[in-house]
Amino acid sequence: MIYQRSSALFVEAEKVIPGGVNSPVRAFKGVGGTPIFVKEAKGAYLYDEDGNRLIDYINSWGPMILGHAFMPVVNAVIEKAKKGTSFGMPTEIETQIAKLAVSMVPNIDKIRFVNSGTEACMSAVRLARGYTGKDKIIKFAGCYHGHSDSFLIQAGSGASTFGTPNSPGVTNGTAKDTLLARFNDIQDVSRLIDSNENEIACIIIEPVAGNMGCIPPKEGFLKALRDLCDRNNILLVFDEVMTGFRLAKGGAQELYNINADIVCFGKVIGGGLPVGAFAAKNEIMNHLAPIGPVYQAGTLSGNPLAMAAGLAMLKELHTDTELFERLNDKTAYLHNGIAQVLKENNITHTINRVGSMISVHFAEAEVIDFETAANGNNETFKKFFHGMLNQGVYIAPSAFETWFITDALTYEDLDFTIKAIDLVAKTL
């Protein structure tokens, strides 16, 4: 495929935008080459500025669960825009989507809308600290909760070692309150808690990791986390920015039958527009201003366009009783096809899948945490990425990102993808 116009647009973008992109992964630093500039999208397909059509497996990193330009969402935004785009005042639609979200998700009474998943996770941690009166948090190496200072911490050596900042601009003072644990290692979490007795406000986790590839929790891991939190008066925060309303109507809480104390949302809940949210039981949520002491605010929170898109999306998910079964079936079909052709071509790999999230790791060992994910062959992935791109299939330009399946994908699209993988595998 030819990407002459994309290349020219990237050169122009670099002159006025840092790195030519407004989010780092778009720059193709992990795979090399020049990023693709999208002109439009519809259903399961992207159309770039050079006129190429690509089957899309990132789907704006998750929210396009029903496909690009899904007409009920588009029409809702158009009609709402005709009446004004922002007021900074309450609107009825905020209550409507809040009621629907609360009815779909287990174990929440109230929800507050913000503008991104980053903002949702940042606010959830502040709420947890304010509610518990404690300062420290535990996060897991490889789990991404946005670019808030508290989360940009790399793992130290030893179970009780404080994290250190891995981005300039994050202070050591912030880093000292963030403790790093290994995903799927409950003993590591337990040691951190014992070493910081009565100091930990919350444990925040992606219940299914999506930022080191798709990595599911081991059987019993989330239940063990819940038990540890209960015994030590620690709040359990589920970052369901990716999994919420995607793995089930009620997200990972419903799928695994585990109740979190605070849940963060993004992606799907915005129907493609910038929306995040965090939610909990009344006892916790009533600590938020204006009725409680924990301050959180945002002029554009509950923006009517974003609320219209999110409400239209949630209504579809709520009423389509077969959606999640279709998504799971399509993802399983893709999984089986990928596994077969990679095996036939003697390509070392392992595949992780939960619901409509899937990732291919070019590693021999089971991928269960950041360390095992990092052992994958990144050079093979780079060749694989560009090979797939040349075949007309767009996957995440990083070995550490999950693929997202959309209901707009047909089985013909899946067969095309499997055939493309077979062709690319013969060149690896």
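A short reminder: the numbers here are calculations on the coordinates, not readings from a lab. Remember, predicted model here, so these are calculated numbers, not experimental data. Positions of Cβ are generated from backbone atoms using ideal geometry, with glycine treated the same way; all protein chains shown enter the neighbour counts.
Suppose every K and R has +1 on its Cβ and every D and E has -1 on its Cβ; what is the size of the dipole of the chain about the Cα centre, in Debye to the nearest 20?
Its charge dipole is roughly 620 debye.
I'd like the Kirkwood hydrodynamic radius of the range 368-426, using the inverse of the mean 1/r over distinct C-alpha pairs, in Å.
12.6 Å
Residue by residue, what Karplus-based ³J(HN,Hα) values in Hz, rounded to whole numbers, does the range 245-255 have, using 6.51, -1.76 and 1.60 with θ = phi - 60° and x for Gly and Pro?
With the stated coefficients, the range 245-255 comes to 6, 10, 7, 5, 4, x, x, 5, 4, 5, 4 Hz.
Using modelled backbone amide H atoms (1.01 Å from N, in-plane), which distant-in-sequence or interchain residues come within less than 5 Å of Asn352's amide H?
For Asn352, whose amide H was placed from the backbone, the distant partners under 5 Å are Ser359, His361.
By how many nm would the segment from His318 to Ser7 lengthen if fully extended, with 0.36 nm per residue of separation less the alpha-carbon distance?
Length gained, His318 through Ser7: 107.8 nm.
Whole-Hz Karplus ³J(HN,Hα) for the range 263-276, in order, using 6.51 cos²θ - 1.76 cosθ + 1.60 and θ = phi - 60°, x for Gly and Pro?
3J(HN,Hα) across the range 263-276, in whole Hz: 10, 10, 10, x, 6, 4, 5, x, x, x, 9, x, 9, x.
Run the simple label-point estimate for Lys176 and Asp135 please: 7 Å along Cα→C-beta, distance reported in nm.
Between Lys176 and Asp135, the simple spin-label model gives 0.7 nm.
Work from the charge dipole of the chain (Cβ charges, +1 for Lys and Arg, -1 for Asp and Glu, about the Cα centre) and give the residue of Thr406, Ile108, Gln296 farthest towards its positive end.
Sorting the options by dipole projection puts first Gln296.
What residues qualify as long-range amide H neighbours of Ala209, i.e. H under 5 Å apart, gap of 5 or more or another chain, H built at 1.01 Å from N?
Ile215
Have a look at Asn52, Pro90, Gly244 and report the one farthest towards the positive end of the charge dipole of the chain, computed about the Cα centre with Cβ charges (Lys/Arg +1, Asp/Glu -1).
Value: Pro90.
Over what distance in Å are the Cα centres of the range 378-428 and the range 339-364 separated?
What the calculation gives is 11 Å, centre to centre.
Rounded to a whole number of µm²/s, how large is the Stokes-Einstein D of the range 3-149 at 20 °C and 1.002 mPa s, given Rh as the Kirkwood radius over C-alpha pairs?
The estimated diffusion coefficient comes to 111 µm²/s.
How much FRET efficiency would the formula 1/(1 + (r/R0)^6) give for Ala332 and Ser148, where r is the Cβ-Cβ distance and R0 is 41 Å, rounded to 0.05?
0.70
Per 0.36 nm of contour for each residue apart, how much would the distance between Lys426 and Asn286 grow if the chain were fully extended, relative to their Cα-Cα spacing?
44.6 nm
Once fully extended, how much extra length lies between Arg26 and Glu219, figured as 0.36 nm per residue of separation less the alpha-carbon to alpha-carbon distance?
Value of the extension gain: 66.1 nm.
Per the helix-only calculation at 222 nm, which mean residue ellipticity applies to the chain, given -39500 (n - 2.57) for every DSSP H run of n ≥ 4 and division by its residues, nearest 500 deg cm²/dmol?
Values: 14 runs with 160 residues, N = 428.
Mean residue ellipticity at 222 nm (helix-derived): -11500 deg cm²/dmol.
Per residue, how big is the convex hull of the chain when only Cα atoms are used? Give it in Å³.
So the per-residue Cα hull volume is 141 Å³.
On a C-alpha basis, how far is the centre of the range 93-155 from the centre of the range 29-92 in Å? Whole number, if you could?
If you average the Cα positions of each part, the centres end up 24 Å apart.
To the nearest 0.05, how large is the calculated FRET efficiency for Lys419 and Lys42 if R₀ is 22 Å and r is the Cβ-Cβ distance?
On the way: r = 22 Å, r/R0 = 1.01.
The calculated FRET efficiency here is 0.50.
Under the rule of at least 5 residues apart or a separate chain, name every residue whose amide H is placed under 5 Å from the amide H of Val393.
Excluding prolines and chain starts, which carry no amide H, the hits are Ile55.
Using 1/(1 + (r/R0)^6) with R0 = 45 angstrom and r between the beta carbons of His386 and Gln187, what's the FRET efficiency to the nearest 0.05?
So, using R0 = 45 Å, E works out to roughly 0.65.
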